[in-house]
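Student: After the structure tokens below, expect a handful of questions from me.
The values are calculated or read from the model by the stated rules, or taken from the named source; none is laboratory data. Just so it is clear, the model here is predicted, and its values are computed rather than measured. Quick reminder, even Gly has a Cβ in these numbers, built from the backbone with ideal geometry, and neighbours come from all protein chains shown. Side chains included, ligands, DNA and RNA excluded: accessible areas come from the protein's heavy atoms. Shrake-Rupley method; radii C 1.70, N 1.55, O 1.52, S 1.80 Å.
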Amino acid sequence: MPPRKIQDEQEAIRWIEEGKTYAWIVEKYKEKYGIETTVPMWSTFRRRRGIETRVVRDTDLIPWKVSPAHMLAYPLVMLRVEARLRAGEELQGRAASKLASWKRMLEESGQVVYYDRDTDDGFFYVPREESDPEGALIRRPSKGRRSRAEG
């Protein structure tokens, strides 16, 4: 049986619970212990120890069934950051300043995020309409458009 890669489980659990990214843990382990680890290994460790997932789901902010081709689009990334903020999570690194800048851009340009899964780009900035609630970041899907609820 090969030697265990995780040298100190309590340390690893503490890092995960502190919100350290898996990429950070991979680098820290290489630096501290000289051991190569992977992001999937840490994800599996978290799941097997019963530590809650970090993903925040907010169907009010992201009501669409997003195509895999659009998962890394900047508007979606920013909506996920906003979801974490609304869930009471502390934003890491430059996330807070990027989010504030992005929201300011939407406000100053009078735009909201619109999503159309059936297009190459997927996400668009469109002019705010009277039907968009005050302060809304997105254009809600109209009836007949695919939302998460509709699959």
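Student: Could you please find all residues in the stretch 74-96 being in a loop (DSSP other than H, G, I, E, B) and either buried (at least 18 other Cβ atoms within 10 Å of the Cβ) or on the phi > 0 side of the Ramachandran plot (or both)?
Tutor: Selection gives Gly88, Gly93.
Student: Turning to a different aspect of this structure: Look at Ala69 and say whether it is under 18 Å from the mean Cα position of the chain (by Cα), open to solvent by 60 Å² or more (accessible area, probe 1.4 Å) and closer than 30 Å to Asp118 by Cβ.
Tutor: Considered against the rule, which asks whether it is under 18 Å from the mean Cα position of the chain (by Cα), open to solvent by 60 Å² or more (accessible area, probe 1.4 Å) and closer than 30 Å to Asp118 by Cβ, Ala69 comes out as yes.
Student: Consider Gly34 carefully, then state whether it is small (Gly, Ala, Ser), at pLDDT 90 or above and exposed (fewer than 11 other Cβ atoms within 10 Å of the Cβ).
Tutor: Spelling it out, Gly34 is indeed small (Gly, Ala, Ser), at pLDDT 90 or above and exposed (fewer than 11 other Cβ atoms within 10 Å of the Cβ).
Student: Starting from the stretch 132-151, take each residue that is modelled with pLDDT under 90 and list its partners that are polar (S, T, N, Q) and not in a loop (DSSP other than H, G, I, E, B), counting only C-beta distances under 8 angstrom and pairs at least six apart or across chains.
Tutor: Once the first residue is modelled with pLDDT under 90 and sits in the stretch 132-151, its partners that are polar (S, T, N, Q) and not in a loop (DSSP other than H, G, I, E, B) give Pro141/Ser147.
Student: If you don't mind, there's one more thing I want to ask. Could we say that Leu61 is open to solvent by less than 80 Å² (accessible area, probe 1.4 Å), closer than 30 Å to Thr119 by Cα and assigned to a loop (DSSP other than H, G, I, E, B) here?
Tutor: Yes, satisfied.
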